[in-house]
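Take a look at the structure set out below.
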Amino acid sequence: MGINTLNRSLWVFHVNTGSCNGCDIEIVAALTPRYDVERFGIKLVGTPRHADVLLVTGAVTRQMKDKLLRVYEQTPDPKVVMVIGNCGATGGVFYESYNLVGPVDRLIPVDVFVPGCPPRPEAIIEGVVKAWKKLEELEAAGKRKKKRAKEAKE
Amino acid sequence: MTMDFSVLLFVPVFSITAILLGLFFRGIDRKLGAKMQARIGPPIIQPFIDLKKLLMKENIVPENAIKWVFNSMPLIALSASILVLLYVPFLGFPPLLSGYGDLILVLYLLMIPALALAVGGFSSGSTYASVGAQRELVLMMSYEFAFSIVIVTIAWLVTKTAPVINAFSLVSISVVPVWGLVGVMGFIGLLLLLLALMLVMPAELGRLPADIAEAKTEIADGVFVEYSGRNLALLYLALDVRTIAFSSLVVALFFPFAFTEFVPLQGIVAVIANALFFLVKVFIVMFFGSIFVHVAVARFRVDQAARAYWGPVLLIALIGMALVMWGTVLG
C-alpha cells in the first residue's frame, strides 16, 4: 500500500484566494461531462479534511493569507498543492499590488504550476498528470530511502 | 437458547462479504450515475481504490473534538450496519441471527448509523458538522414514522392471515410472501406501502434528494466535515453496507421469492443461483430507490424534506395501511 494509490483516487479541494473566478470556472469545466475527470477517480470534495490535492487560484490577498495557511494545515498528509492560473504563480495582472502577500509559493510549498489566464481545462488535466508523476517520484524516493536505511542497519 | 458456534464462524465471513458487496454496489452506482449523465465515469473498482487511499492517509482528530466519541462513532456506525445484515435474509440464506431478534430490532438498528453520524458530527466541534447533525436528526424524525407504519402493517397482515407464531420474525415473513395473503384491495394497499418504503429509502441512506445532512455544496459535507483518513473510510463503508442492508430488508419484506421456486435446481447450483438472484433483486431495489433517483433530482431543503415525509409520503403509507386492513378484515 504505497503513495501510488493516490494516483487513481485524487480528491480535490478548491481554494480561492482572491481569484477573478476565471480559473474557477475552468476548474468546474474540467468536472463536466465533456472532460469528465471522475473517470480517473478525481472528485471535488467539500472540505480540506477529505482532500489529497489543493487547487489554489488567485494571487493571495492579505485577507486570505491566514485562511490559505489554515486550509493547508487542515489537509491530511500526503498532499499535493497545485496552483491554477497566472495570478497564483506570479501575481499576474496584480503583480506588486499593495494588497498582495502572494504569490502562493511564498506561503506554502507548491508542487505544480498551471499557467494561463485562465488555463484551459486540458491544461488543468495535464497539471494533474504532472502531480501523479511527482507522487510516483516521491514514492520511488521513499523506497530508495527505506532500502538504504535497511542496508545501513545490516 | 445456547449460542450456536457455527454462527460465530459465519459472522466474519458475512461481514466481509457485506463490505465487499457494499463497495461493489457503490462502484456500480457511480458508473451508472455517470452513464446517465452522458459521462464515462470511474471504473467499478473505484470505491476499493478510494478505500485503500483513505486508509493510508493521515487520520486527523480536531483539537476541540471530544476524542473518544469522535473516534468511536464511525466504528459504531459500521458495526450497526453490518449487524442489520445478520438479522435479515441475505444471499438466499435465512438470517444468521434469527431467533435472537426480529423486525423491531432491525428497525432500531437501522436508526443507529444515522444517530452515530449525528453524534459524531456534534462531537467534532465544527459548526458545519453541528448544522449537519441537526439536519440528520430532523430528517430522521420525518421519515421514521412512515417507515414504521410500513413495517408494522406487514407484521400485522402476517399475524392476521398466516398461521405463523412470530409475526415480526423476518423468517416467517420471507417464508410467506405478503402478496399471496391479500385480495385486490390489499394488493393495491401493499403497492402503496412499497412505494412509501421506496420513497423513504433515499432519506434512510442519505442520498439525493435527501442528502441534506451532508450537503456538500452548502455545508461542506456536514457531519463528515472533520473526518479524515481511517475514520472517513469507516464512515463511507458504513454507508455502503447500510445501502445493502436496507435493500435486503425491502427484498425480504416484499420480494422474498427464491430462484428455485421458479426453476427446480439441486445442491450447490441451487445455492449459487439463489444468491445471484438475491443480488439481482437487491440491485433492482437500489436502482429504483437510490441510483435512478439521485441522478434525476436536486436536493431538498430541510424544511421541504420534513414537509414531504410528514405529508405525502406519510399519507401514502397510511392509505396503504388502511387498504390492507380493509381488504383483510372485510374481504
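The values are calculated or read from the model by the stated rules, or taken from the named source; none is laboratory data. Keep in mind that this is a model prediction, so the values were computed, not measured. With ideal geometry, Cβ positions are generated from the backbone for all residues, glycine too; neighbour counts draw on all protein chains shown. To get the accessible areas, we keep the full protein, side chains included, count just its heavy atoms, and leave off ligands, DNA and RNA. Shrake-Rupley method; radii C 1.70, N 1.55, O 1.52, S 1.80 Å.
If you go through the stretch B:34-86 and keep only what is in contact with an Asp or Glu (Cβ under 8 Å, 6 or more places away or on another chain) and over 22 Å from residue B:121 (Cα atoms), you end up with B:34, B:39, B:40, B:41, B:42, B:47, B:53. Annotation for the stretch A:86-99: no member residue is open to solvent by less than 10 Å² (accessible area, probe 1.4 Å), touching a helix residue (DSSP H, G or I) at 6+ places or on another chain (Cβ under 9 Å), modelled with pLDDT of 85 or more and among the hydrophobic types (A, V, I, L, M, F, W, C). Working only within the stretch A:40-69, note down all residues that are under 15 Å from residue B:225 (Cα atoms) and in contact with a Pro (Cβ under 9 Å, 6 or more places away or on another chain). Hits for the stretch A:40-69 are A:48, A:49, A:50, A:51, A:52. Among the helices (runs of 4 or more DSSP H) confined to the stretch B:112-227, the ones with at least 3 residues that are among the charged types (D, E, K, R) are located at B:127-161.
Within the option set B:313, B:285, B:225, B:263, being under 16 Å from the mean Cα position of the chain (by Cα) and hydrophobic (A, V, I, L, M, F, W, C) holds for one residue only, B:285. When residues in the stretch B:221-230 are screened for being open to solvent by 20 Å² or more (accessible area, probe 1.4 Å) and within 7 Å of chain A (Cβ to nearest Cβ), 1 of them pass.
Checking the stretch B:76-95 against the condition returns no match, with no residue being within 14 Å of chain A (Cβ to nearest Cβ), on the phi < 0 side of the Ramachandran plot, touching a residue at least 60 places away in the same chain (Cβ under 8 Å) and not acidic (Asp, Glu).
Among the residues of the stretch B:79-102, those identified as of a type in the set (Gly, Ala, Ser) and modelled with pLDDT of 85 or more are B:79, B:80, B:81. The residues listed here are B:70, B:93; of these, the one that is open to solvent by 20 Å² or more (accessible area, probe 1.4 Å) and aromatic (Phe, Trp, Tyr) is B:93. The residue of the stretch A:63-85 that is farthest from residue A:53 (Cα to Cα), among those that are crowded, with 18+ Cβ neighbours inside 10 Å and more than 14 Å from chain B (Cβ to nearest Cβ), is A:64. Is there a residue in the stretch A:47-54 that is in contact (Cβ under 8 Å) with a residue 60 or more places away in the chain, within 26 Å of residue B:51 (Cβ to Cβ), more than 10 Å from chain B (Cβ to nearest Cβ) and open to solvent by less than 60 Å² (accessible area, probe 1.4 Å)? Yes: one or more hits.
Here is the figure for the stretch B:1-50: residues that are more than 9 Å from chain A (Cβ to nearest Cβ) and in contact (Cβ under 8 Å) with a residue 24 or more places away in the chain total 21. Any chance the stretch B:55-65 includes a residue that's under 21 Å from the mean Cα position of the chain (by Cα), open to solvent by 50 Å² or more (accessible area, probe 1.4 Å), more than 11 Å from chain A (Cβ to nearest Cβ) and not small (Gly, Ala, Ser)? No, the stretch B:55-65 has no match at all.
Counting only residues that are touching a Gly at 6+ places or on another chain (Cβ under 8 Å) and in a helix (DSSP H, G or I), the stretch B:57-97 holds 6 of them. Applying the criterion of being open to solvent by 60 Å² or more (accessible area, probe 1.4 Å), modelled with pLDDT of 85 or more and of a type in the set (A, V, I, L, M, F, W, C) to the residues of the stretch A:107-154, the residue that is farthest from residue A:83 (Cα to Cα) is A:117.
Out of B:76, B:60, B:45, B:49, one residue alone is at pLDDT below 85, touching a helix residue (DSSP H, G or I) at 6+ places or on another chain (Cβ under 9 Å) and over 23 Å from residue B:289 (Cβ atoms). It is B:60. Could you look through the stretch B:96-129, keep only residues that are open to solvent by less than 30 Å² (accessible area, probe 1.4 Å) and within 14 Å of another protein chain (Cβ to nearest Cβ), and pick out the one that is farthest from residue B:158 (Cα to Cα)? So the residue we want is B:126. Selection of the stretch A:6-40 for residues being open to solvent by less than 30 Å² (accessible area, probe 1.4 Å) and of a type in the set (A, V, I, L, M) yields A:6, A:10, A:12, A:15, A:27, A:29, A:30, A:37.
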